[in-house]
Amino acid sequence: MHEEHNKLVDAINMVSVAYYTEEFGMLRDELEAIYIRSGEGEPSKTAFRDALYAIICEQDG
């Protein structure tokens, strides 16, 4: 149980660090514009998810 808690806290920390980077906001906006033009069903949600994934992967090395 304690290990699961620590994993959750680590994940939350990664998300919060990524969210407040300038790169995240710029990438999210760029992806959202692309997804809107391409007719993506949920462009805002998909752009947020994809930008977050990219930033976390970049930070993780």
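The values are calculated or read from the model by the stated rules, or taken from the named source; none is laboratory data. As the structure is a computational prediction, the values presented were derived from the model and not from experiment. Each accessible area value is taken on the protein alone, full model and side chains, heavy atoms only, with ligands, DNA and RNA left out. Shrake-Rupley method; radii C 1.70, N 1.55, O 1.52, S 1.80 Å.
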* Per residue of the chain, what 222 nm ellipticity follows from adding -39500 (n - 2.57) for every DSSP H run with n ≥ 4, rounded to the nearest 500? -> -29500 deg cm²/dmol
* In Hz, Karplus ³J(HN,Hα) per residue of region 33-50 (6.51, -1.76, 1.60; θ = phi - 60°; x = Gly, Pro) -> 4, 4, 5, 5, 5, 8, x, 3, x, 10, x, 5, 5, 5, 5, 4, 4, 5
* Asked: How big, on average over all directions, is the shadow cast by the Cα convex hull of the chain, in nm²?
  -> 4.8
* Would you list T46, T21 from the most to the least accessible area, probe 1.4 Å? -> T21, T46
* Structure fact -> Taking placed amide H atoms and a strict 5 Å upper bound, the residues 5 or more places from T21 or on another chain that come that close are none
